[in-house]
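The values are calculated or read from the model by the stated rules, or taken from the named source; none is laboratory data. These numbers were taken from a predicted model, which means no experiment stands behind them. Counting neighbours? That spans all protein chains shown, and the Cβs are built from the backbone with ideal geometry, glycine included.
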Amino acid sequence: MNILDYTATELSEKIKQGEIKVTEAVEAVFERIGIKEEELHCYITLEKDKALARAEQVQRKIDSGELTGPLAGVPFAIKDNLCTEGTLTTCASKILENFVPTYSAEAVRLLEQAGVVILGKTNMDEFAMGSTTETSYYGVTKNPHNTAHVPGGSSGGSAAAVAAGECFAALGSDTGGSIRQPASYCGVVGMKPTYGTVSRYGLIAYGSSLDQIGPLTKDVRDCATILETIASHDSKDSTSMEREGTDFTSALVEDVKGMRIGIPRDYFGEGIDGEVKDKVLNAAKRLEAMGAVVEEFDLSLVEYAIPTYYTIAAAEASSNLERFDGIKYGYRVPGVEDLHPMYKRTRSEGFGPEVKRRIMLGSFVLSSGYYDAYYLKALKVKALIKKAFDEAFARYDCILGPVAPTTAPELGKSLADPIKMYLGDIYTIAVNLAGLPGISIPCGTDSKGLPIGLQLIGDCFQEKKLIQAAYTYEQGGM
Amino acid sequence: MAKEYETVIGLEVHVELATKTKIFCGCSTAFGGAPNTHTCPVCTGMPGTLPVLNKQVVEYAIGVGLATNCTITQYCKFDRKNYFYPDNPQNYQISQLYLPICRNGYVEIEVPEGSKKIGIHEIHMEEDAGKLIHDDWEGCSLVDYNRSGVPLIEIVSEPDMRSAEEVIAYLEKLRMIIQYLGASDCKLQEGSMRADVNLSVREVGAKEFGTRTEMKNLNSFRSIARAIEGERARQIDLIESGEAVIQETRRWDDGKEASYAMRSKEDAQDYRYFPDPDLPPVSISDEWLERIRGSQPEFREEKRKRYKETFDIPDYDIDIITDSKHMADIFEATVALGAQPKKVSNWLMVETLRILKERELDPEDIQFSPKHLAALIDLTDKKVINSTVAKEVFEVMFAEDIDPESYVEEKGLKTVNDEGALRKTVEQVIADNPQSVEDYHNGKEKAIGFLVGQTMKAMQGKADPASVNRLLKELL
Amino acid sequence: MANVIDDATIEYVGILAKLELSEEEKEQAKKDMARMLDYIDKLGELDTEGVEPMSHVFPVRNVFREDVVTNGDDRENILRNAPAEKDGMFVVPQTFEG
């Protein structure tokens, strides 16, 4: 069996058993990268030398018995909006073209402590704003299943890298679907945990109240294992939570008997592709056949999630991105001697069109005279959306639906019409607004061979139910 | 007939809190470190960093709110105030707009007509900005973020003041309260207390307020008083010449004794406040509030009362000593070491105040320890040194906080108690000054003073003046 | 299109956001923003009377640090990414007005 065919946890097992060396695994991945990367462009930065040195170090720690965990020795990819000490971190933006953090994100630190080997930083939509990875300053990433198509976004590089075997697992971030949607488009597993489960320290903020870090993996076991490793109550992040139920791997149990699964009718209406609909509903039938109690219901407010989301995310982003001003780090326009022109030129040259669009919108909705009408209104609708989910979870263990209305669109077809692109987030963003966990798992392909993702949404802190349902579905075979 | 105008003044007072660390990170707040040595990724706005609130900031803010009769907002939040400036590393300041921690308070000040309440609209918590240093040679500015993230409270008054005197009385009152709490040292020169003045004028008897301006960069009581006078005159001139006062922020230039408008097209003054998503709200329980209320210190009024009951010192002394928490602390600690209250008070009232005035210092700048003052008093009580020497020793003690006992020993300043040696010196002085001796015998009592002086000089000050006097009278 | 964004608004938002748009970008931004606002106006259909705005999704309160110094001198790292540095400080265009 080819090394690259193992899942992350399988590989780690083989390494600990002495069958595979960490350097072999890392070299195997770099060999694959050598073949695929030029076409796919999953990474912004690759750190081969560092990774090989690190592999040796991890191997020694495994040999000495210091590292025994389930991720020891796993070659890993990190989305480029997560700070990595000593490694370029760009957020796929020109404005951070030369930023080398002197600290690592807490999630990255925990993974390294668990013995993973970081290969490099993956491509993404600039500042995680986009659904296709086409807004990256460093070029597009292609879908490994069909290179004429996008990998999804914003964690497109991470999803594509996992799908193409250019890493064994990756971290992404999800503000409105940015883990789940590319996972769906690339046919891998992706999970956004409950808000506050993974520390945001070191994650370059887009929409602070919505951002969560999560894994992109080959299977549900890897997903649960990684999530268990990176979940923490971090004193550096005031919104990270002291919570129970983070022993996620204990939910890797094949059993959905009696599990109540709700299917929102509103998720299968206008706009959904027929093939996506069929495959997702088939998955529901399969779970039903395995013993789950599946029924349809009306979630309500679905069409209000997108305007609510874009108001809140744009407002927070406009403020979060103010710090990029050419003074402390990153790009500064040369030769401008006055302060405000320096700010304006630096930012206008440093940010791409989609980022500027959202900053402009966010600045407007917070500006004097509009705050109540837009921002405050959106926060109120957010409360209503959360309530709608609360009501649903009073009846169901989890909600089942598609991740996205279609499979991966063709390259170059999405950015011209931003609103149409935003509409593609309809099934994922409400989950972020309500702080809920959501997982995307492959449930087949369309007639063009592009993967389709099944989304399971849980009540807050109920990741284990999602993992159990997803694992059962996955083990049940296609 | 010339119209009469009334000045209407409200103040925004920023006070740096005396916490050990910054409001949102574990960096030191110590004043005066080398540039950027008290900084970390959080207080320099590095990507991905997050704020975590210092609990002591909340406790100090509540303490100040309670001491100024405010209602404490038991559910309060932080908001972001967005504006670009290089001293503001995130380009937003974490502050409080919608739910400030304290509201609707007041303090009482003394005015010629009696006492007057100055309303406090709100007190909110926020972070300080860094410092900009201007490099005129290179034509650029340099940023030092040591101060970035130092906790501030902003105390916003109602427009209740009508003169510079009232403003200064209000500021002194606030300063005293905050110093008593230990929440800040409130030094205007170092910027740990800063006041922005909102001022408008209106005709006496008018109901509506005039258009106000906001004056910044006032770093002494003197410049506050001058800026108020200057701005009042400027606004009256505008009104009398038929021009409108423009609502604007003005910067006071202390050197030029004039203010100028800080207008800029790039400064839209639209701060786009919104709740900071990185900071969960603060919920202040009744128990917490009562705990802070219970641990509030003895404020000036109570202290004054207690001093009157406990110590036999004049009311005037009590007023001066309790005017500064620091001085009152020194007084009490020295008395606690066994010194007689009246003597301690004398040292504070006479020598200490004299030196403070000469060197333009505040009582908060007093560095000597109560232990050393008590020792000095003990030395004079036991006549180990005379009062002249004691004053000299005190000067050194004030400057360097030396231990008077060892200092007196080292420098050989002890009073000479050798009767024989003293008698010899007195005899010599009498022999050397026949004119004064004659004057004395002719009834000029004052002449003896000269002879005492000469004797002390000959003894290098180390004699007991009473003994000198006695011997002189005896030998004459 | 119900919302119309005029030149002055785009200019003003540019000042707030510190973005300098080309004429072409401005025209595009006017259209984009108006369309997004039309879309956001959909929220007006919902009656939110009496609904408490939800800025934090979970009722977490009172997350504090103790007042203990944990950071030392980290100047070298803080200045490592500075575009321009002098005397241990960040160099910026002159800010002093007058």
Please work out if residue B:400 is farther than 29 Å from residue B:375 by Cα and among the acidic types (Asp, Glu). no
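Each row is one residue, and each column tells you yes or no for (1) among the polar types (S, T, N, Q); (2) facing another protein chain (nearest Cβ under 7 Å); (3) touching a His at 6+ places or on another chain (Cβ under 9 Å).
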{"residue": "A:344", "(1), (2), (3)": "no, yes, no"}
{"residue": "A:380", "(1), (2), (3)": "no, yes, no"}
{"residue": "A:384", "(1), (2), (3)": "no, yes, no"}
{"residue": "A:400", "(1), (2), (3)": "no, no, no"}
{"residue": "A:408", "(1), (2), (3)": "no, no, yes"}
{"residue": "A:412", "(1), (2), (3)": "no, no, no"}
Pairs, please: C-beta under 6 Å, at least 6 apart or cross-chain, first residue more than 7 Å from every other protein chain (Cβ to nearest Cβ) and in the stretch A:364-375, second of a type in the set (Gly, Ala, Ser) and surrounded by 16 or more Cβ atoms within 10 Å (Cβ to Cβ)? A:365/A:315
What's the number of the condition residue B:83 fails, among (1) touching a residue at least 40 places away in the same chain (Cβ under 8 Å); (2) within 8 Å of chain C (Cβ to nearest Cβ); (3) under 21 Å from residue B:144 (Cβ atoms); (4) over 30 Å from the mean Cα position of the chain (by Cα)? (2)
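Which residues, taken from the stretch B:409-451, are of a type in the set (A, V, I, L, M, F, W, C) and part of a helix (DSSP H, G or I)? Please lay out each step first, then the result.
Narrowing the stretch B:409-451 to residues of a type in the set (A, V, I, L, M, F, W, C): B:413, B:416, B:421-422, B:426, B:429-431, B:437, B:447-448, B:450-451.
Selection gives B:421, B:422, B:426, B:429, B:430, B:431, B:437, B:447, B:448, B:450, B:451.
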Output the helices (runs of 4 or more DSSP H) that fall wholly within chain C and possess 1 or more residues being surrounded by 12 or more Cβ atoms within 10 Å (Cβ to Cβ) and within 14 Å of chain B (Cβ to nearest Cβ), or say none. C:7-17, C:75-79
Any idea which residue in the stretch B:241-277 is surrounded by the fewest Cβ atoms within 10 Å (Cβ to Cβ), counting only those that are away from chain A (no Cβ under 13 Å) and touching a residue at least 40 places away in the same chain (Cβ under 8 Å)? B:262
Among the residues in the stretch B:307-321, are any within 17 Å of residue B:367 (Cα to Cα), in a helix (DSSP H, G or I) and either of a type in the set (Ser, Thr, Tyr) or assigned by TED's automatic domain parsing to the domain that holds residue B:187 (or both)? no
In the stretch B:208-225, anything among the basic types (Lys, Arg) and crowded, with 18+ Cβ neighbours inside 10 Å is listed as B:212
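From A:447, A:414, grab the single residue that is at pLDDT 95 or above and either of a type outside the set (A, V, I, L, M) or assigned to a loop (DSSP other than H, G, I, E, B) (or both).
Working: A:414 fails: at pLDDT 95 or above.
Answer to the check: A:447.
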Select from the stretch B:53-78 the residues that are more than 7 Å from every other protein chain (Cβ to nearest Cβ), within 12 Å of residue B:282 (Cα to Cα) and assigned to a strand (DSSP E or B) and list them in ascending order. B:72, B:75, B:76
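Does the stretch B:421-438 contain at least one residue that is within 37 Å of the chain's Cα centre (by Cα) and surrounded by fewer than 19 Cβ atoms within 10 Å (Cβ to Cβ)?
Going residue by residue through the stretch B:421-438, those that are within 37 Å of the chain's Cα centre (by Cα) are none.
No; the residues of the stretch B:421-438 include none that is within 37 Å of the chain's Cα centre (by Cα) and surrounded by fewer than 19 Cβ atoms within 10 Å (Cβ to Cβ).
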Are any of the residues in the stretch A:133-143 under 27 Å from residue C:57 (Cβ atoms) and assigned to a helix (DSSP H, G or I)? no
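Just to verify a result, which residue in the stretch B:1-21, among those that are crowded, with 20+ Cβ neighbours inside 10 Å and more than 9 Å from chain C (Cβ to nearest Cβ), is farthest from residue B:175 (Cα to Cα)?
Looking at residues that are crowded, with 20+ Cβ neighbours inside 10 Å and more than 9 Å from chain C (Cβ to nearest Cβ), I get B:7.
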With the condition kept exactly as written, say whether any residue in the stretch B:375-392 is under 22 Å from the mean Cα position of the chain (by Cα) and either at pLDDT 90 or above or under 29 Å from residue B:464 (Cα atoms) (or both). no
Of all residues in the stretch B:25-39, count the ones that are out of contact with any strand residue (DSSP E or B) (no Cβ under 8 Å at 6 or more places or on another chain) and either free of Cβ contacts under 8 Å to residues at least 12 places away in the same chain or surrounded by fewer than 23 Cβ atoms within 10 Å (Cβ to Cβ) (or both). 6
Out of (1) within 13 Å of chain C (Cβ to nearest Cβ); (2) farther than 16 Å from residue A:308 by Cβ; (3) more than 18 Å from the chain's Cα centre (by Cα), the odd one out for residue A:421 is which? (3)
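Taking the stretch A:276-299 only, how many residues are aliphatic (A, V, I, L, M) and under 18 Å from residue A:468 (Cβ atoms)?
To start, the set of residues in the stretch A:276-299 that are aliphatic (A, V, I, L, M) comprises A:276, A:280-281, A:283-284, A:287, A:289-290, A:292-294, A:299.
Now restrict to residues that are under 18 Å from residue A:468 (Cβ atoms): A:283-284, A:287, A:289-290, A:292-294.
Here the count works out to 8.
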Return yes when residue B:98 is farther than 23 Å from residue A:327 by Cα and within 14 Å of another protein chain (Cβ to nearest Cβ) and no when it is not. yes
Starting from the stretch A:295-306, take each residue that is more than 14 Å from chain C (Cβ to nearest Cβ) and list its partners that are surrounded by fewer than 21 Cβ atoms within 10 Å (Cβ to Cβ) and assigned to a loop (DSSP other than H, G, I, E, B), counting only C-beta distances under 9 angstrom and pairs at least six apart or across chains. A:295/A:395; A:297/A:395
Of a type in the set (A, V, I, L, M) and assigned to a loop (DSSP other than H, G, I, E, B) - does that describe any residue in the stretch B:388-396? no
So residue A:2 ticks every box in (1) surrounded by fewer than 16 Cβ atoms within 10 Å (Cβ to Cβ); (2) at pLDDT 95 or above; (3) closer than 23 Å to residue A:159 by Cα but one. Which box is left unticked? (2)
Do we find that residue A:394 is farther than 30 Å from residue A:134 by Cα, free of Cβ contacts under 8 Å to residues at least 12 places away in the same chain and surrounded by fewer than 21 Cβ atoms within 10 Å (Cβ to Cβ) in this structure? yes
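So that you can scan it fast, the table gives a plain yes or no per residue for (1) surrounded by 17 or more Cβ atoms within 10 Å (Cβ to Cβ); (2) out of contact with any strand residue (DSSP E or B) (no Cβ under 7 Å at 6 or more places or on another chain):
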| residue | (1), (2) |
| --- | --- |
| A:270 | no, yes |
| A:287 | yes, no |
| A:309 | yes, yes |
| A:313 | yes, yes |
| A:321 | yes, yes |
| A:330 | yes, yes |
| A:342 | yes, no |
| A:347 | yes, yes |
Within the stretch A:206-214, is even one residue within 14 Å of the chain's Cα centre (by Cα) and away from every other protein chain (no Cβ under 14 Å)? yes
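Give the residue that is farthest from the other protein chains (Cβ to nearest Cβ), with candidates limited to residues of the stretch A:179-201 that are of a type outside the set (Phe, Trp, Tyr), over 30 Å from residue A:449 (Cα atoms) and out of contact with any Asp or Glu (no Cβ under 6 Å at 6 or more places or on another chain).
Taking the stretch A:179-201 and keeping what is of a type outside the set (Phe, Trp, Tyr), we get A:179-184, A:186-194, A:196-200.
So of that shortlist, the ones also over 30 Å from residue A:449 (Cα atoms) come out as A:194, A:196-200.
Right, trim to out of contact with any Asp or Glu (no Cβ under 6 Å at 6 or more places or on another chain) and you get A:194, A:196-198.
Working: A:194: 9, A:196: 6, A:197: 11, A:198: 13 Å.
Restricting to residues being of a type outside the set (Phe, Trp, Tyr), over 30 Å from residue A:449 (Cα atoms) and out of contact with any Asp or Glu (no Cβ under 6 Å at 6 or more places or on another chain), the top hit is A:198.
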Considering the stretch A:39-73 alone, what residues qualify as being surrounded by fewer than 16 Cβ atoms within 10 Å (Cβ to Cβ) and closer than 30 Å to residue A:146 by Cβ? A:39, A:48
